[in-house]
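K.L.:
Below are the structure tokens for one structure; questions will follow.
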Amino acid sequence: MIAFAGWDTDWPFVAAPFVFYFFTVFWLLVMGDHGGLTNPVRMFFRRISTSLEEITGFPGWCMAGALSGLLVLAVAALGLYWDVAYHIDFGRDSRLMTPSHTMILLGLGGMVYAAVIAVIFATNDETNVGFRVAGLRVPRSALMLAVLGLGGVAAFPLDNLWHQAYGIDVTLWSPTHLQLVAGGGLGPIAVLLMLLEGRAQARPFVLGRIIEATTAGAVLVGLSTFQGEFDFGVPQFQALYLPILFAVVMGFGLVLVRMALGRGGALSAVAAFIALRVSLALLVGGALNHTTPRFPLYLIGAVCVEVVAHLVGTQKTLKFGLIAGVVVGTVGLAGEMVWVDASGWFRIEASALLLPAAALGLVAATAAAVLGAGMGRAWRSGGGDSSPVPLAALALAGAGVLVALALPLPRNVGKVDAVVRLEPAGKLAKVAVDVTPAGAADHATAFGVMSWQGGGRVWAELEKTSPGHWETSKAVPITGKWKSMVSLQRADEVMAAAIYLPADAEIDASAVPALPERSTSFVRNTDILLREAKDGPAWPAMLAYAGVALVAAGWVGLFAFTGRRLADGGALPPPPPSGSAPTTGDAPPVVAAGVLQPAGHTRPWAATR
């Protein structure tokens, strides 16, 4: 068991990925060819570049940026899930720069580093990509990656301001947290775009294809980070969000990766996604000894997308997106909810969610699939074999996703009273609850007892034994640092009743003792879950929401511009006029397989293309 409180035992998890990275760089340096260069700095980058080309089939600049990006995004993802698990298991941090926080910051800042690496390699190799700034060759995807990283890092000072004003709100969905998560969550799409830019000059080998599939799986991982509170079974919002978030990820993500990777792309992306999420679960729940995050499978959704692509094709982009979205929003979503129920991941009553989930899930999946198809057209170089999605359709689809996400946002409180009785057994107790009105929980979306922040998370289902009377089948903690409450969700009502809460001198909170019997009323669940939160002035919230809105608008605009340019054939700018002299370098450029390349840097596949 690894104790989180000890810095000495935790920091190796932060260092390990970077140690691996530097050893890999050293190996690539030793194996590479300097290409006849004499400048030691240029030789350094050329050796690594040629090694990457020889083993992947992609240009060196592309692989250097993409692999660096994947590594730092993996660091950020582990830091995020580690951080959420720690807060659920133990509550507040004792310091700002914990190992998990450090990993998140290094990961987001590392996105800028990966973008710079791509620019350095592209410039050193004199590759025709993106655009030129003061002699630098800047891939469009590198700019996208850097902007995402900078936007995510910008959330840190805003987040500090937010917590100073409103206390420690341990939630993933605060505005500043959403900005931070979105920066890293969207990062894999920028990496996939980088592979697109490189593909214009590539003939990928097996390893290159594996890296493509892994990146596509990382796209699904990134889009799924917004489900974090459900992954750990401590949701503060309506349970209806779970199927809607599934629908958005499957609609947008699976359609996007299917168009990017071609036949079988959705299935290979899901295989990579499952491998990545299993690895995260083993690290967080095993090596780090925290609550294990659960995850969706997306398998049925991937099959749906592949079948639709086979039957109707992907050339008519809007048609493919619409049909794929409808099938994913019905068959795919139903399959995902069956997995949630069968795995015991998050106990919800499917019948109580059936109608709203079916309606909003269909809207969310279809709208997201149209957006995914529109973005996916960027992978059809020049758009030659696919029709563009009309701007009006993309705008309507974006509005559809926003509506589907906004409708479940309200969290109301119904008039429900309870008598909570405990049957102690040492530090644990079985719980019996009598609700008034007697039928208040009969058609609940979720009803049970949750305990957290005492060293883990415990969920005990409440089972009805007589009208209005419910009992747990197992005991829950009622001592020490644990917090225990009865959780009740029905439609848009998200409520809770405290069972036991320890005193907390730091926030001047009194204890709620574990009494043999207590009469109480249900309150909004965040009154208990966000016990540390406090009221504050309005201006920090206005600043935080404005910052998130501006950053999000910039990201969307840049994604749209980058995708459009690449779809219109912008992955590889035209070579300079015949006979023109090279701008820099040790020798004039040569043309191999119809692609402009620097001399002494011949692609390993040039003779066979």
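K.L.:
Do we find that P17 is open to solvent by 40 Å² or more (accessible area, probe 1.4 Å) and not in a loop (DSSP other than H, G, I, E, B) in this structure? Even if it seems obvious, please write down each step before you answer.
P.N.:
On the way: open to solvent by 40 Å² or more (accessible area, probe 1.4 Å): no; not in a loop (DSSP other than H, G, I, E, B): yes.
No.
K.L.:
Any idea which residue in segment 331-343 is surrounded by the fewest Cβ atoms within 10 Å (Cβ to Cβ), counting only those that are touching a residue at least 12 places away in the same chain (Cβ under 8 Å) and β-branched (V, I, T)?
P.N.:
V331
K.L.:
Suppose we filter S351, S387 for residues that are assigned to a helix (DSSP H, G or I), of a type in the set (G, A, S), surrounded by fewer than 22 Cβ atoms within 10 Å (Cβ to Cβ) and modelled with pLDDT under 95; which single one remains? So that I can check it myself, show each step before the final result.
P.N.:
Values: S387 fails: assigned to a helix (DSSP H, G or I).
One residue alone meets the criteria, S351.
K.L.:
In this structure, is P157 open to solvent by 40 Å² or more (accessible area, probe 1.4 Å) and farther than 30 Å from W61 by Cβ?
P.N.:
On the way: open to solvent by 40 Å² or more (accessible area, probe 1.4 Å): yes; farther than 30 Å from W61 by Cβ: yes.
Yes.
K.L.:
Can you name the number of the only condition in (1) over 17 Å from P502 (Cα atoms); (2) open to solvent by less than 70 Å² (accessible area, probe 1.4 Å) that R421 fails?
P.N.:
Tallying (1) over 17 Å from P502 (Cα atoms); (2) open to solvent by less than 70 Å² (accessible area, probe 1.4 Å), R421 fails exactly one: (2).
K.L.:
Here is a further query. If I filter segment 493-526 down to residues being open to solvent by 60 Å² or more (accessible area, probe 1.4 Å) and among the acidic types (D, E), which single residue comes out as modelled with the highest pLDDT?
P.N.:
Looking at the filtered set, the residue picked out is E517.
K.L.:
Of the residues that sit in segment 43-53 and are touching a residue at least 40 places away in the same chain (Cβ under 8 Å) and of a type in the set (A, V, I, L, M, F, W, C), which one is farthest from G286 (Cα to Cα)?
P.N.:
Residues of segment 43-53 touching a residue at least 40 places away in the same chain (Cβ under 8 Å): 45-46, 48-50, 53.
With of a type in the set (A, V, I, L, M, F, W, C) added as a condition, the list becomes 45, 48.
Numbers: F45: 38, I48: 35 Å.
Checked segment 43-53; the qualifying residue farthest from G286 (Cα to Cα) is F45.
K.L.:
Separate question: Can you name every one of the helices (runs of 4 or more DSSP H) wholly within segment 165-271 that holds 1 or more residues which are among the aliphatic types (A, V, I, L, M)?
P.N.:
175-185, 187-199, 206-224, 241-248, 255-261
K.L.:
Here is a further query. Which one of these does A213 not meet: (1) within 17 Å of the chain's Cα centre (by Cα); (2) over 30 Å from D527 (Cα atoms); (3) modelled with pLDDT under 95?
P.N.:
Every listed condition holds for A213 apart from (3).
K.L.:
Test F22 against the criterion of being free of Cβ contacts under 8 Å to residues at least 24 places away in the same chain, open to solvent by 60 Å² or more (accessible area, probe 1.4 Å) and under 28 Å from the mean Cα position of the chain (by Cα), and give yes or no.
P.N.:
On the way: free of Cβ contacts under 8 Å to residues at least 24 places away in the same chain: yes; open to solvent by 60 Å² or more (accessible area, probe 1.4 Å): yes; under 28 Å from the mean Cα position of the chain (by Cα): yes.
Yes.
K.L.:
Follow-up. Pairs needed: first member in segment 542-556, within 9 Å of P175 (Cα to Cα); second member anywhere, open to solvent by 50 Å² or more (accessible area, probe 1.4 Å) and part of a helix (DSSP H, G or I); C-beta distance under 9 Å; at least 6 residues apart or different chains.
P.N.:
These pairs meet every condition: V548/L178.
K.L.:
Can you report the number of residues in segment 57-83 which are assigned to a helix (DSSP H, G or I) and under 16 Å from S141 (Cβ atoms)? Step through it out loud before you land on a result.
P.N.:
Of segment 57-83, the ones assigned to a helix (DSSP H, G or I) are 60-83.
Then keep just the ones that are under 16 Å from S141 (Cβ atoms); that gives 60-70, 72-73.
Qualifying residue count, segment 57-83: 13.
K.L.:
Here is a follow-up. Condition first: assigned to a strand (DSSP E or B) and over 20 Å from G480 (Cβ atoms). Now tell me which residues in segment 498-542 satisfy that. Even if it seems obvious, please write down each step before you answer.
P.N.:
So the first thing to find is which residues in segment 498-542 are assigned to a strand (DSSP E or B), and the list is 498-501, 504, 509, 512, 517-521, 523-524, 533.
Once the filter is applied, which keeps residues that are assigned to a strand (DSSP E or B) and over 20 Å from G480 (Cβ atoms), segment 498-542 yields E517, S519, T520, S521, V523, R524, A533.
K.L.:
Write out, first by first residue and then by second, each pair whose Cβ atoms fall under 6 Å of each other, whose residues are 6+ apart or on separate chains, and whose first residue, in segment 25-42, is surrounded by 16 or more Cβ atoms within 10 Å (Cβ to Cβ) while the second is at pLDDT below 90.
P.N.:
G35/G600; G35/H601; L37/D586
K.L.:
Can you tell me which residue in segment 539-548 is farthest from V181 (Cα to Cα), limited to those that are of a type outside the set (V, I, T) and either in contact with a helix residue (DSSP H, G or I) (Cβ under 9 Å, 6 or more places away or on another chain) or surrounded by 13 or more Cβ atoms within 10 Å (Cβ to Cβ) (or both)?
P.N.:
Ranking the candidates gives W539 first.
K.L.:
Follow-up. Given the structure, is R132 under 26 Å from the mean Cα position of the chain (by Cα) and either modelled with pLDDT under 95 or farther than 15 Å from L148 by Cβ (or both)?
P.N.:
Numbers: under 26 Å from the mean Cα position of the chain (by Cα): no; either modelled with pLDDT under 95 or farther than 15 Å from L148 by Cβ (or both): yes.
For R132, the condition - under 26 Å from the mean Cα position of the chain (by Cα) and either modelled with pLDDT under 95 or farther than 15 Å from L148 by Cβ (or both) - is not met.
K.L.:
Here's a follow-up. Does segment 392-409 contain any residue that is over 28 Å from W82 (Cβ atoms), touching a strand residue (DSSP E or B) at 6+ places or on another chain (Cβ under 9 Å) and open to solvent by less than 50 Å² (accessible area, probe 1.4 Å)?
P.N.:
Checking segment 392-409: not a single residue is over 28 Å from W82 (Cβ atoms), touching a strand residue (DSSP E or B) at 6+ places or on another chain (Cβ under 9 Å) and open to solvent by less than 50 Å² (accessible area, probe 1.4 Å).
K.L.:
Among the numbered criteria (1) open to solvent by 40 Å² or more (accessible area, probe 1.4 Å); (2) over 28 Å from D504 (Cβ atoms), which single criterion is violated by V551?
P.N.:
(1)
K.L.:
For segment 425-484, please list each of the strands (runs of 3 or more DSSP E) lying entirely inside it that holds at least 1 residues being under 32 Å from the mean Cα position of the chain (by Cα) and aliphatic (A, V, I, L, M).
P.N.:
Numbers: elements: 428-436, 446-452, 457-466, 469-472.
So the answer is 446-452, 457-466.
K.L.:
Select from segment 468-492 the residues that are open to solvent by 20 Å² or more (accessible area, probe 1.4 Å), more than 30 Å from A165 (Cβ to Cβ), modelled with pLDDT of 95 or more and of a type outside the set (G, A, S) and list them in ascending order.
P.N.:
Answer for segment 468-492, where residues must be open to solvent by 20 Å² or more (accessible area, probe 1.4 Å), more than 30 Å from A165 (Cβ to Cβ), modelled with pLDDT of 95 or more and of a type outside the set (G, A, S): H469, W470, E471, T479.
K.L.:
Can you tell me which residue in segment 89-138 is surrounded by the fewest Cβ atoms within 10 Å (Cβ to Cβ), limited to those that are within 24 Å of E506 (Cβ to Cβ) and out of contact with any helix residue (DSSP H, G or I) (no Cβ under 9 Å at 6 or more places or on another chain)?
P.N.:
Taking segment 89-138 first, the residues within 24 Å of E506 (Cβ to Cβ) are 89-102, 104.
Remaining after also requiring out of contact with any helix residue (DSSP H, G or I) (no Cβ under 9 Å at 6 or more places or on another chain): 89-91, 94.
On the way: D89: 19, F90: 18, G91: 19, S94: 8.
The selected residue is S94.
K.L.:
Look through segment 311-330, keep the residues that are among the polar types (S, T, N, Q) and assigned to a helix (DSSP H, G or I), and return whichever of them is surrounded by the fewest Cβ atoms within 10 Å (Cβ to Cβ). Outline the logic, then answer.
P.N.:
Of all residues in segment 311-330, those among the polar types (S, T, N, Q) come to 314-315, 317, 330.
Subset that is assigned to a helix (DSSP H, G or I): 317, 330.
Working: T317: 25, T330: 17.
Applying the filter and picking the extreme gives T330.
K.L.:
Please name all residue pairs, on different chains or six or more residues apart, with Cβ atoms under 8 Å, provided the first residue is in segment 255-276 and is closer than 12 Å to W379 by Cα and in contact (Cβ under 8 Å) with a residue 24 or more places away in the chain and the second residue is open to solvent by 10 Å² or more (accessible area, probe 1.4 Å) and among the basic types (K, R).
P.N.:
M259/R377; M259/R380
K.L.:
Any idea which of (1) outside any loop (DSSP other than H, G, I, E, B); (2) of a type in the set (D, E, K, R); (3) open to solvent by 10 Å² or more (accessible area, probe 1.4 Å); (4) closer than 26 Å to L402 by Cα is the one R294 doesn't satisfy?
P.N.:
(1)
K.L.:
May I ask you to list the residues in segment 527-538 that are farther than 16 Å from V420 by Cβ and either of a type in the set (A, V, I, L, M) or open to solvent by less than 80 Å² (accessible area, probe 1.4 Å) (or both)?
P.N.:
L529, L530, R531, E532, A533, G536, P537, A538
K.L.:
Now a separate question. Of everything in segment 297-310, what is in a loop (DSSP other than H, G, I, E, B) and surrounded by fewer than 19 Cβ atoms within 10 Å (Cβ to Cβ)? Give them in sequence order. Even if it seems obvious, please write down each step before you answer.
P.N.:
Here is the first cut: in segment 297-310, the ones in a loop (DSSP other than H, G, I, E, B) are 297-298.
The answer is L297, and nothing else.
The values are calculated or read from the model by the stated rules, or taken from the named source; none is laboratory data. Just so it is clear, the structure is predicted and the values come from calculations on it, not from any experiment. For neighbour counting, all protein chains shown are included, and Cβ atoms are generated from backbone atoms with ideal geometry for every residue, glycine included. Accessible surface areas use protein heavy atoms only, side chains included; no ligands, DNA or RNA. Shrake-Rupley method; radii C 1.70, N 1.55, O 1.52, S 1.80 Å.
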